[in-house]
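The next block holds one structure in the form of structure tokens; read it before the comments.
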Amino acid sequence: MKKTAITSVVFLLISFTFLTLSSPLLGKSDLESNFKVTLLGTGSPLLSMSRFGPGTLVEVGDEKLLFDAGRGTALRLDQANVAPGKVDKLFLTHLHSDHTVGIPDVWLTGALPTAGKRELPFKIWGPKGTKKMMSHMEKAFAADIDARYESGNENTEGLGVEAQDIKQGVVYEQDGIEVIAFLVDHKSIEPSYGYRINYNGHSVVISGDTRYNENLIHFAKGTDVIVHEVAAARPDDAENSEAISNILSLHTTPEEAGKVFSQVKPKLAVYTHIVLLGGLTDEEADFLGRTQKTYSGPVVVGEDLMFIDVGDEVDVHMKNFE
């Protein structure tokens, strides 16, 4: 396994610890990467000021690709020094509200001169129902959109929407960037997708919401980085609460995720969409310890605004909240 380095704008090493002690802490802060992944939101439907709703920004080549737009995505983009208006491509894993509630903010705010002034229509790829959802969203915000057109707003192109329902396969290909959608198993809502982003001999996989899934393993094999969801609950809660048991059955436990990573063999696995049930804390969840039961490679528990440079080496950084 190639060495994986962790660098940090601010060294918050307690927040993300590799499972393998052989992975040294090396600094490469002057590296300018053309393949960068930023965790904008690592949370779930649970309300949290430290973990916003699911959202992942992939800056690859000259593109800024957004995957899901949960609660607070536009705010985290701003904190990551990316104006919402600089994002004109959104890929949805599924249509649960925690992954979509931030769409209007990115879409509409991003069209304003004060937030990037998007100059192209907002393009959305997602599962069946995406096109219909966006059509209804345009109707819901018609008063705002019409007012901006009528008032002579200097930029209205960015208010346009181009949405499409996708199927498994290549959904975007431009300037050496390839985005592949693949089906995952999030039984409560179908279809649900994960994505693989390929560029210049490197790749990143985003699991979306899923339980242990062989199709994900197939499409993720050999990736540099896998960004994977995870869920945990106390054993007694999982046994005695039907609601908690049902939620766990829709997601991936750390032990199950470790089995996925063992077959995918990434340079780095990163947890996101952190689902803590029954009031469980991060410390109680012991994500890394539980993952280590089935996987011995490097794993990071993601934090909002953590970013990863992807290349021959994989470097993890942490940005301060501002």
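The values are calculated or read from the model by the stated rules, or taken from the named source; none is laboratory data. All values derive from a computational prediction rather than experimental measurement. Cβ coordinates were reconstructed from backbone atoms using ideal geometry, including for glycine residues, and neighbour counts include every protein chain displayed. With ligands, DNA and RNA removed, areas are computed over all heavy atoms of the protein, side chains included. Shrake-Rupley method; radii C 1.70, N 1.55, O 1.52, S 1.80 Å.
Side notes on the structure shown:
- Fraction of beta bridges assigned by DSSP in the chain that are antiparallel (%, nearest 5): 60 percent
- Of MET133, LEU268, ASN215, farthest towards positive along the dipole that unit charges on Lys, Arg, Asp, Glu beta carbons give the chain: ASN215
- Ranked order, ASP62, ASP185 - accessible area, probe 1.4 Å, largest first: ASP62, ASP185
- Labels on offer are (i) 22.6; (ii) 20.5; (iii) 19.8, and the one holding Kirkwood radius over Cα pairs in Å computed from this structure is (iii).
- The distance from the alpha carbon centre of the range 169-229 to that of the range 64-138 is 19 Å, rounded to a whole number.
- Of the beta bridges in the range 209-322, as assigned by DSSP with both residues counted there, near 30 percent are antiparallel.
- Partners of LYS265 within straight-line reach, counting lysines whose Cα lies under 16 Å from its Cα and excluding those fewer than 8 residues away in the same chain: LYS2, LYS3, LYS221, LYS293.
- In the chain, the portion of solvent-accessible area held by carbon and sulfur atoms comes to 51 percent [1.4 Å probe, whole percent, DNA, RNA and ligands not counted].
- Placing unit charges on the Cβ atoms of the charged side chains and taking the dipole of the chain about its Cα centre, the candidate lying farthest along the positive direction among THR42, ASN81, VAL300 is VAL300.
- Solvent-accessible surface of the range 76-139, taken per residue with a 1.4 Å probe and all protein chains present: 39 Å².
- Highest-MSF residue in the chain out of ILE206, ILE247, ILE166 [GNM, Cα springs under 10 Å]: ILE247
- Charge dipole magnitude, Cβ of K and R +1, D and E -1 - the chain, Cα centre, debye nearest 20: 500 debye
- Note on the chain: GNM, Cα springs under 10 Å; of LYS221, LYS64, LYS139, the largest mean-square fluctuation is that of LYS139.
- Highest mobility in the GNM of the chain, judged by mean-square fluctuation with C-alpha springs under 10 Å and restricted to PRO54, PRO266, PRO121, is found for PRO121.
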